[in-house]
Structures are given as C-alpha cells and as structure tokens.
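Working notes for the structure below.
The values are calculated or read from the model by the stated rules, or taken from the named source; none is laboratory data. In this text, all values refer to a predicted model and were calculated from it rather than measured experimentally. We place every Cβ from the backbone using ideal geometry, glycine too, and count neighbours over all the protein chains shown. To get the accessible areas, we keep the full protein, side chains included, count just its heavy atoms, and leave off ligands, DNA and RNA. Shrake-Rupley method; radii C 1.70, N 1.55, O 1.52, S 1.80 Å.
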Amino acid sequence: MTDDLKYMKRAISLAKRGAGWVNPNPMVGAILVKGGRIIGEGFHEYFGGDHAEVNAINAVPDALKDEVAGSTLYVTLEPCSHLGKTPPCVNLIVDKKISNVVIGTTDPNPVVNGRGIHFLKSRGIDVEVGLMEPQIKEMNEIFSKYIQSRSPFVVLKSAMTMDGKIATVTNASRWITGEPSRKLVHQLRQQMSAVMVGVDTVLFDDPLLNIRLKGTWKNPLKIIADSHCRISPESKVLTIDPQLTIVATTHLAEKEKVKNIARAGAQVLICPLKDGRVDLGFVMKSLGSMGIDSVMIEGGSTLAFSALQEGLVDKVISFIAPKILGGANAPTSVGGAGISAMEDAIALINMRSRKIGNDFMLEGWIKK
C-alpha cells in the first residue's frame, strides 16, 4: 500500500503539469511499474494531445519495451473507452498486456463513467479504484463540473486588507497584497480558461488581466461585464490582445459603442437584462457553450455579489494583507444590495488557509 501511494502521488504530480493546457479536458497522470521500478511515466500535456496512458507507454525505453506486458499501470483517472480526439486508451492497455490497473477515480464524463473499468475487467485485467480519490477529484473539480453541466466552474477571487477593503477611499488599490500573492494570482489565471471583471474595475484600474511571469504561459480570455458599453476604447483589454477579450453587454448599449468594440478586435456578447444589469447566468451558459470550462471573477464588488446571489460561484479565494485602510466609503470585496438576514448568509465549507509571503490566503467552497 505504501508503494501504491508513492506511485499515485507521482502520477498526481505529473497530472498537474497539464494545468491550464488541457482545458476543458481533465488533468491526468500515469505511471507504469514493473518489478518495483518505474519503467514509464506520462501525463496529458495539452488539449487534443495523447492521453497520459499513451504517453507513459511511449516513454518506456526501447530496452524495457518487453517489460510493459505484465506491468501495473497507475493512472489518476479512469481510462477512456470511447473514440474522441484520440483512440480509446482501454484498447491500448489490453493490447500491451498490462496486468493491473490502479485508478484514482472514475471519470465523471457520462460517456465514460464506469465503462472503461468494466471493459478492462471484462478482459481479465485486475482493476483497483479509489486510491487518493479525494485529492484527484479536487484536482479536477473544474472538469467535473463542466463535463456534467456544460457550465464553467467559477472562482471568486479577491485581495483585501484585514478590515476588508479592496481599495482606499480614493479607489487606490495598488498594491494591497505583496508580490508572492500577486505571483500566485498569475499562476491561478494559468489554470483558468477565463478571468472576468466588471466595467468599473476596467475604468478605475485599467488592468491587463493577463499572465506576466517568466516562462511559457497561456493567457486566459478576458470577460468584461458592461451593460452600457462604458468601456474606453483605449483600455488595455481592448488595445493589448483584444482578440482575447469578450465584452458582455445588453441592448442598453449604444450601437456605435458596440461597433467600436468589435472594430478593436474584441468579441461582443449581447445578453438579456437581469435587475438592470448583464444576466450573469446567461453569460456563464454562453461561455460554457464556447468550451470555456472555468472563470475567475476578479472584481468588482457589485459583480461579485451578483454572481454569489445567483448561485454561480463554486469556490472563493481571498488574499488578506496585514494592512488596515478604514473609511466608511472605501470599497469592499463584495458590494451590491447585500443580504438582510443572517440566516440567509452564503455559507462556505472546507475552509483552508496558508501564508503567502506576509499575506494569508483563505479558500473555501460555496455550500450548495
């Protein structure tokens, strides 16, 4: 059992290398073991690419190819049994005469769920399921929600002072948190398909909403909720990589402003109204239909409350800096109309905290 855990932990660490690159597919890692040693390992590297099992088998050195037969495969997710962008992995496992398959968790995809396991067992392969299942399910929480609902997994992220302020009374917000926290936010963006802000955040901060780290990164889509198209044509999201920007607006926007956004190279999504604003539920469903499996809402406070009120948020991540700003009119991370009764408060579960530089990061999941 100790060795099983060691190999599955290695498979998980490999799987995480695909974070942000495989969306809307799951992160998957695989290890081939024979005689107490790893003979091949791989992971799903990018969307449309070979699956982890294929990469692990292909990684076996020529001198060890004969060792594949009779080996044990450790894989974080149930091998696929259907023809998608690549052939079914279960057929390859059988063809290579792999004797044992240890699976972290079943595939939540209704097309696969349990079928891959049944196929392998029916071919005489010994199959075990459930090793480190909670960790693997959390790792692929984005995929799990999206594949079952076709709606994005939504993270609400905020950076605030200890007294809950996201800016000063003059709306100055750079920088509340330290550099380590800001670096982590960029890493989180890599894991998401899109980031989203309200138009006021664009007007006040003019953010880039991209990833500015060393190395190779995949910038997320930038979604701007702007019911009247108040966004400036000179804003960075419309002048730097505008093809990655979607402005969600309504029929209240002037037609010429809508045309200007399109001329800049950005996409325009015309949405229904809800409470005088962009219908966020419509936005999320539309993004899901485009293959956008995840969205991180980064501001502002009105957008945050609307998303929470409509039950769209799955997870909350807050960075808290050891600073106090005060000010009755200084903005907080969640604004809007607010909730009047304490018993109606939005509850979070499975709370965690960790120190990031001088800041603390709190994360929790919305209780559904």
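Numbers below:
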| read-out | value |
| --- | --- |
| Value of Rg to Rh for the chain (Rh from inverse mean 1/r over Cα pairs, i.e. Kirkwood) | 1.03 |
| Potential extension, K65-S149 segment - 0.36 nm per residue separation minus Cα distance | 26.1 nm |
| Those trypsin sites (Lys or Arg not before Pro) in region 6-94 that DSSP places in a loop and that have at most 12 other beta carbons within 10 Å | K85 |
| For W175, solvent-accessible area (1.4 Å; no DNA, RNA or ligand), Å² | 140 Å² |
| Where Rh is the Kirkwood radius over Cα pairs, Rg/Rh for region 31-85 | 0.99 |
| Rounded accessible area per residue of the chain, 1.4 Å, Å² | 48 Å² |
| Along each principal axis, Cα extent of region 219-274, largest first, Å | 30, 21, 13 |
| Mean Cβ neighbour count within 10 Å, used as a protection proxy, ranking 298-306, 354-362 highest first | 298-306, 354-362 |
| Rg/Rg_ref, region 230-324, where Rg_ref = 2.2 N^0.38 Å and atoms are Cα | 1.20 |
| Under 16 Å from the V258 label point (7 Å along Cα→beta-carbon), backbone N, region 275-294 | 277-279, 283 |
| For region 61-141: span of alpha carbons on each principal axis (Å, largest first) | 38, 26, 24 |
| Highest-MSF residue in the chain out of M351, M284, M139 [GNM, Cα springs under 10 Å] | M351 |
| Reachable lysines, given that their alpha-carbon falls under 19 Å from the alpha-carbon of K34 and they are not under 8 places away in the same chain | K6, K9, K65, K96, K97 |
| Net charge of Cβ neighbours under 14 Å - reference K274; Lys, Arg +1; Asp, Glu -1 | -1 |
| Debye intensity ratio I(q)/I(0), log10, region 99-209, q values 0.13, 0.14, 0.15, 0.16 Å⁻¹ (C-alpha model) | -0.71, -0.76, -0.82, -0.87 |
| Computed helical MRE - 222 nm, the chain, DSSP H runs ≥ 4 contributing -39500 (n - 2.57), nearest 500 | -8000 deg cm²/dmol |
| Convex hull per residue volume in Å³, alpha carbons only, for region 1-64 | 67 Å³ |
| Carbon and sulfur %, accessible surface of the chain computed with the full protein complex present, 1.4 Å | 52 percent |
| Heavy atoms of T2: accessible area, 1.4 Å probe, square angstrom to 10 | 110 Å² |
| Distance cut-off 20 Å, percentage of C-alpha pairs in region 271-368 lying past it | 49 percent |
| Gap separating the Cα centres of region 215-248 and region 34-89, nearest whole Å | 39 Å |
